[in-house]
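I have a structure here, written as structure tokens, and I will follow up with some questions on it.
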Amino acid sequence: MTMVGTTPPPRLPVRDRTSAGERSPGCVSPMLTRLAEERATGVLAREHGTLHLVEGRVVHAESPLAPGLGVLLTAHGALDAATWRDAEDSADEGRLLEHGVTPGALELAQVSALYDAAYFALAPSSTPGRFRYGAAHWLASLHPVPVADLERETLRRRALLRRIWPDPATDAAPLIRADPVAPPAVPPRQAAVLERVDGVRRAADIARELGRPAFHTLVHIRRLAAAGLVSSQPSPVADHPPDAADPYIALLKRVRDALEAL
């Protein structure tokens, strides 16, 4: 028997994962990644916060869901509120150092506030981000953070919260306390959070009152939720008036009118 050779089919193309078009699994925001690549300076506004960039690095972040640097510095007496407002209004970090804040303490607080606000600013969003090119933020020289480091930390924080308690409902809703028969003892920092759960306050409110980073407060709240001590406030059920066009409602109305006429 004579064997007839055949040409093997061509191999399927393999995508080059190092190409510029391939985003790594750790890419939280493609726009932010592009801005880092082009070494942009300006402000990236997203649904839940803003990121300030200088030459492609993040130098400051803000979010309505996280206490700002001013709250972290003033909450425990490291700085008075008037001095913070004066430094912010004049965009002069030197004024903070003149009033007793050491360079190390200022840098530590700034990095903590940056990562905290960025966690919320980089949350999944239903609206596209917008970037405005412009001047550097007044705190730009403290501790610029590479975008890759920021995205990696954001993903780590998301995974941590999922491991503690997978339901994110307690992150943004008003919180209520459970009333277990034999509640477990909780550490002091969790107890301080639990004391402020009143059916009205949200995680962001509690973080501001305590002068703590919001993400750390989320960690405590999820642990309290996992222990059965707190839950999210159920959404109120709207009271809808009965539909007058409903035949059953119309029949009841006629019966009522007939009874009233007797």
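The values are calculated or read from the model by the stated rules, or taken from the named source; none is laboratory data. Just so we're clear, the structure is a prediction, and the values are computed from it rather than from any experiment. Neighbour counts are summed over all protein chains in view; Cβ atoms, including those assigned to glycine, are modelled from backbone coordinates with ideal geometry. The accessibility values were calculated without ligands, DNA or RNA, using every heavy atom of the protein model including side chains. Shrake-Rupley method; radii C 1.70, N 1.55, O 1.52, S 1.80 Å.
With r defined as the distance between the Cβ atoms of Y133 and S235 and R0 fixed at 30 Å, what FRET efficiency is calculated, to the nearest 0.05? Intermediate results must be reported in sequence, preceding the final value.
Numbers: r = 41 Å, r/R0 = 1.36.
In this case the efficiency is close to 0.15.
Further question on the same structure: Tell me, what is the per residue accessible area of the range 27-163 in Å², probe radius 1.4 Å? Walk me through the numbers before you get to the answer.
Working: 6640 Å² over 137 residues.
Per-residue value: 48 Å².
While we're here: Sum up the charges of everything whose Cβ sits under 10 Å from the Cβ of T83, counting Lys and Arg as +1 and Asp and Glu as -1, but leave T83 out.
Net local charge, T83 excluded: -2.
Here's something else I'd like to know. Compare the peptides 176-185, 63-72, 114-123 by average per-residue count of other Cβ atoms within 10 angstrom and give them in order, highest first. It would help to have the intermediate numbers written out before the result.
On the way: 176-185: 9.9, 63-72: 21.3, 114-123: 25.6.
The densest-packed peptide leads the list: 114-123, 63-72, 176-185.
Rounded to the nearest 10 Å², what accessible area does D198 show when all protein chains are kept and the probe is 1.4 Å?
80
Given R₀ = 41 Å, FRET efficiency for A45-A192 by Cβ-Cβ distance, to 0.05? Please list the in-between numbers first.
Working: r = 33 Å, r/R0 = 0.81.
Computed FRET efficiency for A45 and A192: 0.80.
Determine, for each peptide in 142-155, 96-109, the mean count of other beta carbons within 10 angstrom over its residues, then list the peptides with the highest first.
Working: 142-155: 17.4, 96-109: 15.1.
The densest-packed peptide leads the list: 142-155, 96-109.
Distance in nm between label sites at L97 and R177, each 7 Å beyond Cα in the beta-carbon direction?
If labels sit at L97 and R177, their model points lie 4.6 nm apart.
Looking at the range 36-108, which trypsin sites (Lys or Arg not before Pro) are DSSP coil and have at most 12 other C-beta atoms within 10 Å of their C-beta? Don't skip to the answer; put the middle values down first.
On the way: sites: R39, R46, R57, R85, R95; in loops: R39.
Those satisfying the criteria are R39.
Another one. Which residues' amide hydrogens lie under 5 Å from the amide hydrogen of V59, considering only partners 5 or more residues apart or on another chain, with H built in the peptide plane?
H52, L53, V54, V145
Evaluate the distance, in nm, between pseudo-label points positioned 7 Å from the Cα of R163 and of C27 along their respective Cα→Cβ axes.
Placing both labels 7 Å along Cα→Cβ, they lie 2.7 nm apart.
For a quick check of understanding: with a 1.4 angstrom probe and all protein chains in place, what accessible area in square angstrom does S126 have, to the nearest ten?
Looks like 100 Å² after rounding.
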